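Read the structure below first, then the notes.
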Amino acid sequence: MNTIWSNYIQGIKTLYYSRKLRFDTMFREQYKALFGLEEGKKLKILEIGCGPGALAGALHRWYPEAEIIAIDRDSEFISFAKENEPGIYFMEGDATALPFEDGSFDVTISNTVSEHIEPEKFYGEQLRVLKPGGVCLVLSARKGIHVYAKCLTKRPEEEAFWKKVEQYDDTMERFAVCKYPMSEAELPLELQIHGFQNISTGYATINLTPDHPAVSPEMAQAMINANRYTALEAIDSVRSFMPEQVTEAECQAMKDIVEEKYDIRMEQYQKGEKQWDTNVNITMVVRGEKEK
Ligand SMILES: C[S@@+](CC[C@H](N)C(=O)[O-])C[C@H]1O[C@@H](n2cnc3c(N)ncnc32)[C@H](O)[C@@H]1O
């Protein structure tokens, strides 16, 4: 049972609700153009490092004929995904030793995973399990635009809490998070080095702005709440990771502040008081093919 990621790095709600937004139908055509997959074909797709399953769910809706298998090392993510994203085969497993025969898949895909896994194994395993002519899609979050509403500004108690946490926080080194970051030029080169051909790159621009008129009230509120969950679960992760350094009471006080601030933001939205806070995510999509 491995629960490292969900316990110490990013919680279920953080990943699930932020990705539900990033892979909303609103952005489907951008992704589909970048994926360049054959429509109407019974593709066999493997998602690697699927987390709680939001991208796998979107793929299931966008390519209804496809058979989708999704794998992650974290058991909490896999049990959540099984309950919440029907129609997909979710399983626990390691991206560096994929439990599949050579030449089993038409497509491999991952989102914000490549930077955490040793490239030789990450790409080598995908090349091995892909059929000749199969497609490898690597999605990676790039620097975006993040502007918070005024009411969400960090309060002095929060500044003090996070300053204290920073002194003890070695999660990134301890769990090799982002150990293999790649620039926009290095990422496609990496696919080339590992034997992929016909490599292309592209970018999906995901504008998450609750006050935008094209955004439905349901989606706007989901945007506000996705940020709320991320802020709350970041505090939970700290408590799990350093129970000696931060008390339950300190964490609860921080969570109360977060709830209060996001309640204010939600009320502003519901009253039509526009804030124009925005979260623009840029997702890089690198596409490569295995030799035919
Ligand atoms: C940043 S999260 C992204 C999760 C998901 N792709 C998403 O966008 O919500 C990175 C994921 O990679 C998984 N992971 C890291 N190393 C792995 C490995 N060696 N094998 C399988 N999964 C791995 C983690 O458990 C985590 O779910």
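Identify the residue in the range 261-292 that is assigned to a strand (DSSP E or B) and of a type outside the set (A, V, I, L, M) and, among all such residues, is nearest to Arg28 (Cα to Cα).
Thr283
Examine the range 238-246 for a residue that is under 25 Å from Asp170 (Cα atoms), loosely packed, with under 14 Cβ neighbours inside 10 Å, free of Cβ contacts under 8 Å to residues at least 24 places away in the same chain and touching a Lys or Arg at 6+ places or on another chain (Cβ under 9 Å), and state whether such a residue exists.
no
May I ask you to say which residue of Lys121, Lys143 is out of contact with any Gly (no Cβ under 6 Å at 6 or more places or on another chain) and either within 13 Å of the ligand (Cβ to nearest atom) or in a helix (DSSP H, G or I) (or both)?
Lys121
Answer with yes or no whether Ile235 is in contact with a Cys (Cβ under 6 Å, 6 or more places away or on another chain) and free of Cβ contacts under 8 Å to residues at least 60 places away in the same chain.
yes
Search the range 42-65 for residues that are over 19 Å from Ser79 (Cα atoms) and of a type in the set (Phe, Trp, Tyr) and pair each with any residue that is more than 8 Å from the ligand (Cβ to nearest atom) and part of a helix (DSSP H, G or I) when their beta-carbon atoms are under 7 Å apart and the residues are at least 6 apart or on different chains.
Trp62/Arg28; Trp62/Lys32
Taking the options Thr14, Thr25, Thr96, Thr3, name whichever one is touching a helix residue (DSSP H, G or I) at 6+ places or on another chain (Cβ under 6 Å), among the polar types (S, T, N, Q) and under 29 Å from Ser216 (Cα atoms).
Thr14
With (1) buried (at least 18 other Cβ atoms within 10 Å of the Cβ); (2) aliphatic (A, V, I, L, M); (3) closer than 22 Å to Gln30 by Cα as the list, and Ile199 as the residue in question, which single condition is left unmet?
(1)
Quick check: anything in the range 248-271 surrounded by 13 or more Cβ atoms within 10 Å (Cβ to Cβ), of a type in the set (Gly, Ala, Ser) and at pLDDT 95 or above?
The answer is yes; a qualifying residue exists.
Limited to the range 202-215, what total is found for residues that are loosely packed, with under 13 Cβ neighbours inside 10 Å and of a type in the set (A, V, I, L, M)?
Within the range 202-215, residues that are loosely packed, with under 13 Cβ neighbours inside 10 Å and of a type in the set (A, V, I, L, M) number 1.
A quick yes/no check of all residues on (1) of a type in the set (Val, Ile, Thr); (2) free of Cβ contacts under 8 Å to residues at least 40 places away in the same chain; (3) assigned to a strand (DSSP E or B):
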{"residue": "Leu127", "(1), (2), (3)": "no, no, no"}
{"residue": "Cys151", "(1), (2), (3)": "no, no, no"}
{"residue": "Gln192", "(1), (2), (3)": "no, no, no"}
{"residue": "Asn198", "(1), (2), (3)": "no, no, yes"}
{"residue": "Thr201", "(1), (2), (3)": "yes, no, yes"}
{"residue": "Asn207", "(1), (2), (3)": "no, no, yes"}
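For the range 1-106, please list each of the helices (runs of 4 or more DSSP H) lying entirely inside it that holds at least 2 residues being more than 14 Å from the ligand (Cβ to nearest atom) and out of contact with any Lys or Arg (no Cβ under 6 Å at 6 or more places or on another chain).
The qualifying helices (runs of 4 or more DSSP H) are 28-35, 54-62, 75-84.
The values are calculated or read from the model by the stated rules, or taken from the named source; none is laboratory data. These figures come from a predicted structure and were not determined experimentally. Cβ sites come from the backbone with ideal geometry, for glycine too, and all protein chains shown count toward neighbours.
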